[in-house]
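The values are calculated or read from the model by the stated rules, or taken from the named source; none is laboratory data. What you see is a predicted model; the values in this text were computed from it and never measured. All Cβ positions, even for glycine, are placed from backbone atoms using ideal geometry, and neighbour counts span all protein chains on display. To get the accessible areas, we keep the full protein, side chains included, count just its heavy atoms, and leave off ligands, DNA and RNA. Shrake-Rupley method; radii C 1.70, N 1.55, O 1.52, S 1.80 Å.
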Amino acid sequence: MVFLNKYLLDSPSLRLDAPLFVTFFQCAVTAALCLGLSLGAACGPCAALPALRLDPKVSRSVLPLSIVFIGMVTSNNLCLKHVGVAFYNVGRSLTTVFNVLLSYLLLKQTTSLYALLACGIIIGGFWLGVDQEGAEGTLSWTGIIFGILASLCVSLNAIYTKKVLPVVDGSIWHLTFYNNMNACVLFLPLMMITGEFHTLYHFDKLGSPSFWGMMTLGGVFGFAIGYVTGLQIKFTSPLTHNVSGTAKACAQTVLAVVYFEETKSLLWWTSNLMVLGGSFAYTWVKGLEMRKAQEDPNLKSSEKNETGV
């Protein structure tokens, strides 16, 4: 999906300067697929998918997540528009750092020294990557700013997804539908403000079947990724989701360098390794802390039983 979005957002042959419209269309395809598959399941022999209906009350409850979701997908696409696919991983690598910051600001949860050191490695990798992009003459500060915003929104999206799930009775299917329906409505005024309707009116490939085929394929990928992401957050945690995303980004970076036949310096690769190593170190530290927290109550309980309390 990243490679496809890079084509739709920044292809010299396409020349479409409408990132909000690309994102809006993918949200619309996702909502339509949810509704279509639900109706098909109701009419067919398979009733695994629950029926969907638009409840204004539930839609309002999901709205905070939808606002964060819009910020996430828009900033992701705008970052991708201004940076290369290979640097996209580093450009939006501060998600774990924002997880720590938001946990302290919103939940008053402190973080251990080892976890903070891991975050320091990530930040160091981020700045080294920015430095190396500048040395190669391919640095876009606009892309960097949107990458930082994307990292913040990805962190917030994982937190709000966990928070909003009870509103839809834990159904990822319903959450995906409501989230994308809300996003479609919210994107319309944003597209009007940014003048993208005017851009689309003068777009010379608006009647091209291949263009709409690529757009629809992007929407299908967006639907699949959104659904799987929601399932992962539901059954694991926001942290697990962000870390697996980092592992995915590693493969994505290597593929991008090979596909675009780019030559990168040793320090550039070092920045990527620092980001990945810091992310996995943070996960390892947090895993040990969670395991210790689970064992402590059991230890105290056994001590009480032995003393007859």
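Based on the Cβ-Cβ distance from Thr216 to Lys248, what FRET efficiency comes out when R0 is 25 Å, to the nearest 0.05?
Step by step, r from the Cβ atoms, then E = 0.60.
Ignoring ligands, DNA and RNA, what accessible area per residue does the range 1-146 give at 1.4 Å, in Å²?
Normalised by residue count, the accessible surface of the range 1-146 is 46 Å².
Using alpha carbons only, how many angstrom separate the centre of the range 263-286 from the centre of the range 131-171?
Comparing the Cα centres of the range 263-286 and the range 131-171, I get a distance of 18 Å.
Okay, helix-only estimate at 222 nm for the chain: each DSSP H run of n ≥ 4 adds -39500 (n - 2.57), divide by all residues, round to 500 deg cm²/dmol; what do you get?
Helices in the chain give a 222 nm mean residue ellipticity of -27500 deg cm²/dmol.
Label Asp131 and Val258 with points 7 Å out from Cα along Cα→Cβ: what is the distance between them in nm?
3.0 nm
Helix by helix through the chain, keep the DSSP H runs that span 27 Å or more along the axis on Cα and average at least 0.0 on Kyte-Doolittle, and give those back in order.
Membrane-span-like by this rule: 19-43, 56-82, 113-135, 141-164, 172-193, 209-235, 238-259.
For the chain, with the dipole built from +1 on Lys and Arg beta-carbon atoms and -1 on Asp and Glu ones, taken about the Cα centre, which of Cys27, Ala256, Leu80 lies farthest toward the positive end?
So the residue furthest toward the plus end is Cys27.
Under 16 Å between alpha carbons, and skipping anything fewer than 8 positions from Lys234 in its own chain: which lysines qualify?
Output for Lys234: Lys162, Lys163.
Match the structure shown to one of the listed values [x] 28; [y] 35; [z] 21 of percent of Cα pairs over 32 Å apart, computed from it, and give that label.
[y]
Counting only protein heavy atoms, what percent of the accessible surface of the chain is carbon or sulfur at a 1.4 Å probe? Mind showing how you got there, number by number?
Numbers: 10980 of 15910 Å².
Carbon and sulfur atoms account for 69 percent of the accessible area of the chain.
What FRET efficiency do you get for Ile193 and Glu289 if R0 is 45 Å and r is their Cβ-Cβ distance, rounded to the nearest 0.05?
My answer for the efficiency is 0.50.
Based on alpha-carbon centroids, what's the gap between the range 77-105 and the range 1-19 in Å, whole number please?
20 Å
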